[in-house]
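First comes the structure, then the notes that go with it.
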Amino acid sequence: MPVTFTTSGALKKSALREANERLVLNTIRQNPSLSRADIVRITGLSPSSVTFIVKRLKADDIICEFKTENWSQVGRLPTAIRLRANARVGIGVELGLTGGRIVVADLSDAIVSRKTVPWHANHGVFLDKVRKAILGLAGQYEPDQVLGIGVALPGFIDRSTGRVIAAENVQWFGVEVGETLRRDLDIPVYFENAAKLSALAEMWSADGQRKPLRDFVSVVARGGLGTGVIINGEILQGATFGASEFGHIPIFPGGRKCSCGNTGCWEQYASDFALSRLYSERAQLAPDQELEPEAIIEKVRAGDAVATEVLRETAHNVGLGFVNLVMALNPQLIVVGDYLADAWDLMEETVWGVLRSRVPAYYLSEIRILPSRHRADAPLAGAVALVLSRFFNSFEDGGEKGRQRSVLMKEA
Ligand SMILES: [Zn+2]
């Protein structure tokens, strides 16, 4: 992720110093083993500034210096700098129909512990169990070691309060998740829509060697069909933070009824439950015999004719939605998660066939479609990234959007 700092007013001297500190820290995060000279070269800061900042970060126990194994030309063991990954941790939480999933991750994004909380139809009971599980995990660390808690929520939400305004899939309307989770917690809690976080996860963990991800779409398909859109390196939010609900754009007007009240939505034809339902219909299964996508994919790999036909038809419908994504957003990449990632090798030919037959070739020349490296964990990884990205990239809360400006600090 590029190092962009956002501030709302004139920079105070202390803010400038902290910005440079974050610049050095982020450089160390992206390059696992650096010398001080490397940091000077990459950041453009003066050697004395780098020495000062490294000393401070070492005093805070966030980085350490170690002797590398390669002898330098002058016959000394050169010193390299790296993160002390366990110096701080972030907590990621995902709430949905499959229950609550909670992970603790260190500064290198590695998950060091996890807990699950079974789903409960009473949201008060469910959220209280989630809160206790978070308290249990956070209690294993020193209070100032936990940077914050990122929470992936379903549906249309208020990001500042953590209120779920409407999430049809879990039947939550006006549920105050933030109020419950923040009780007895002295740690900052941040909220974001789960599909949007799946996109943040891809951007945050992007391989530094590859072309940076600036304009792309993440598609997740667990309990529905969600899309997170990154435009020019930022999550597309919209006027009231409700942007990118491509799952509810009709692809067959007058078609199947959707939980949103509309008919023919993309979600009804390309989501995980759409695949399971279509297979049940074609294989004439009783309602209690419905198969999960994993089982259907397994049948396709074993040569089952009905499963193959159903997956191909679903892939066609996935492709129809991708036409909308491509024409609306001109992305460099579409990342697919969940069952789409598991079955991508079986689906991609059909999906690309739909795109090539409906989209002019010049729109498709730069686009790649890839399975997510996070598979079914993308929103959870994004919840962790919501916390860690604040630690590495920002030194001051941005204030309201209109007053913000972005600056790249070069010298103290
Ligand atoms: Zn809908």
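Structural remarks
- Checked across the range 199-218, the condition of being within 16 Å of the ligand (Cβ to nearest atom), under 24 Å from Asn317 (Cα atoms) and in a loop (DSSP other than H, G, I, E, B) holds for no residue.
- Against the criterion of being farther than 22 Å from Gly382 by Cβ and either within 13 Å of the ligand (Cβ to nearest atom) or crowded, with 17+ Cβ neighbours inside 10 Å (or both), Ser259 qualifies.
- Residues of the range 342-398 that turn out to be of a type in the set (D, E, K, R), open to solvent by less than 80 Å² (accessible area, probe 1.4 Å) and either free of Cβ contacts under 8 Å to residues at least 24 places away in the same chain or not in a loop (DSSP other than H, G, I, E, B) (or both), as a count: 3
- Positions within the range 262-284 being away from the ligand (no atom under 16 Å from the Cβ) and either without any contact (Cβ under 8 Å) to a residue 12 or more places away in the chain or among the charged types (D, E, K, R) (or both), in sequence order: Ser280, Glu281, Arg282, Gln284
- Within the range 81-90, the presence of at least one residue that is within 20 Å of Phe191 (Cα to Cα) and hydrophobic (A, V, I, L, M, F, W, C) is confirmed.
- Going through (1) in contact with a Ser or Thr (Cβ under 9 Å, 6 or more places away or on another chain); (2) within 16 Å of the ligand (Cβ to nearest atom) one by one, Pro287 falls short only on (2).
- Hits in the range 236-256 - residues which are of a type in the set (A, V, I, L, M), open to solvent by less than 40 Å² (accessible area, probe 1.4 Å) and touching a residue at least 24 places away in the same chain (Cβ under 8 Å): Ile251
- Any pair with Cβ under 7 angstrom, 6 or more apart, that starts in the range 90-114 at a residue that is in contact (Cβ under 8 Å) with a residue 60 or more places away in the chain and in a strand (DSSP E or B) and ends at one that is open to solvent by 10 Å² or more (accessible area, probe 1.4 Å) and of a type in the set (Asp, Glu): Arg101/Glu94
The values are calculated or read from the model by the stated rules, or taken from the named source; none is laboratory data. Note that this is a predicted model, so its numbers are computed, not measured. Cβ sites come from the backbone with ideal geometry, for glycine too, and all protein chains shown count toward neighbours. For accessibility, only protein heavy atoms count, side chains too; no ligands or nucleic acids. Shrake-Rupley method; radii C 1.70, N 1.55, O 1.52, S 1.80 Å.
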